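The values are calculated or read from the model by the stated rules, or taken from the named source; none is laboratory data. The model shown is predicted, which means the values in this text are computed figures rather than measured ones. Glycine also receives a Cβ, built like all others from the backbone with ideal geometry; neighbour counts cover every protein chain displayed. For accessibility, only protein heavy atoms count, side chains too; no ligands or nucleic acids. Shrake-Rupley method; radii C 1.70, N 1.55, O 1.52, S 1.80 Å.
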Amino acid sequence: MKIVNNYSIYKKIVLLRVDLNVPVKNKIIIDNTRINIIKPTIDYLRNNNNKVFLLSHFGRPQGQFNNSFSLKFLCQILAKFLSVDKVYFASSLDYQTIEETKEKMNDGEICLLENVRFYQQEEINQLDFAKNLAKHFDVYVNDAFSASHRNHASIVGAPQYLPSLAGDSLL
C-alpha cells in the first residue's frame, strides 16, 4: 500500500478525503475523534508546503444543497484545532471556485471544500464528476477510514485520475 509518509509530497495541490461527519449539537462538536485522527496527515502535508484541500461529507443531504449540512461552520473549529490562522472555505466544487481558492492560498494552507454529498454524482460514483474534481489537484490522499468502504466518487472515482496514497488513519 502506498502511504503518505513514504512519499515525498512537496509543494503540491493535495485532495485529502477525510471524514468530518462529526456528531454535532447546536453547531458544537460533541466528539472530535474524527478530527484527531486526520491531524497527523494534515500536519505532514502542511509541513511539506502543500496546499491541502479537505473533502468530506456531512449528514445525508440527498444530493442537494441544504444549509443545515454545510461544512462551513467547521472552518473556525479546524483552524483552532490545527493551530492555523485560517482555514479557507470553498462553497462549491465547481471549476472557478476551486481555482480561485487555489490562487488565494499560500503553500502549507488548508481549504475545506463544501459537502461532497450536495452532489448527486458523489453517491452514484459518476466518473465524470470524479474526473472533473480530480483535475484541480496533483495528488489524492484518502484519510477517511470510516468512509472508505463506500463506492462513492470521492473514495473510488478520484483515485483513478490522480496518484493516490493512504493517509495515516488507514494504517
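In the condition set (1) within 19 Å of Arg46 (Cα to Cα); (2) open to solvent by 70 Å² or more (accessible area, probe 1.4 Å), Val141 is compliant with all but (2). With respect to the stated conditions, Phe58 is surrounded by 17 or more Cβ atoms within 10 Å (Cβ to Cβ), under 17 Å from the mean Cα position of the chain (by Cα) and within 11 Å of Phe118 (Cα to Cα). Which of (1) assigned to a helix (DSSP H, G or I); (2) open to solvent by 20 Å² or more (accessible area, probe 1.4 Å); (3) not aromatic (Phe, Trp, Tyr) does Asp107 not meet, given it meets every other one? With respect to (1) assigned to a helix (DSSP H, G or I); (2) open to solvent by 20 Å² or more (accessible area, probe 1.4 Å); (3) not aromatic (Phe, Trp, Tyr), Asp107 is out only on (1).
Go over the candidates Thr101, Thr97 one by one and state the one that is within 25 Å of Tyr10 (Cβ to Cβ), modelled with pLDDT of 95 or more and of a type in the set (Ser, Thr, Tyr). First the steps, then the outcome.
Numbers: Thr97 fails: within 25 Å of Tyr10 (Cβ to Cβ).
Going through Thr101, Thr97 in turn, just one is within 25 Å of Tyr10 (Cβ to Cβ), modelled with pLDDT of 95 or more and of a type in the set (Ser, Thr, Tyr): Thr101.
Looking across the range 1-54, the residues that are in a loop (DSSP other than H, G, I, E, B), more than 20 Å from Phe69 (Cβ to Cβ) and at pLDDT below 95 come down to Met1, Lys2, Tyr7, Ser8, Ile9. Applying a threshold of 8 Å to beta carbon distances and a minimum spacing of six or more residues, or different chains, the list of pairs starting in the range 39-54 at a residue that is farther than 10 Å from Val14 by Cβ and open to solvent by 10 Å² or more (accessible area, probe 1.4 Å) and ending at one that is at pLDDT 95 or above and in a loop (DSSP other than H, G, I, E, B) reads Asn47/Gly108; Asn49/Tyr10; Asn49/Lys11; Asn49/Asp107; Asn49/Gly108. Only one entry in Asn21, Asn47, Asn66 is under 12 Å from the mean Cα position of the chain (by Cα), polar (S, T, N, Q) and over 19 Å from His136 (Cβ atoms), namely Asn21.
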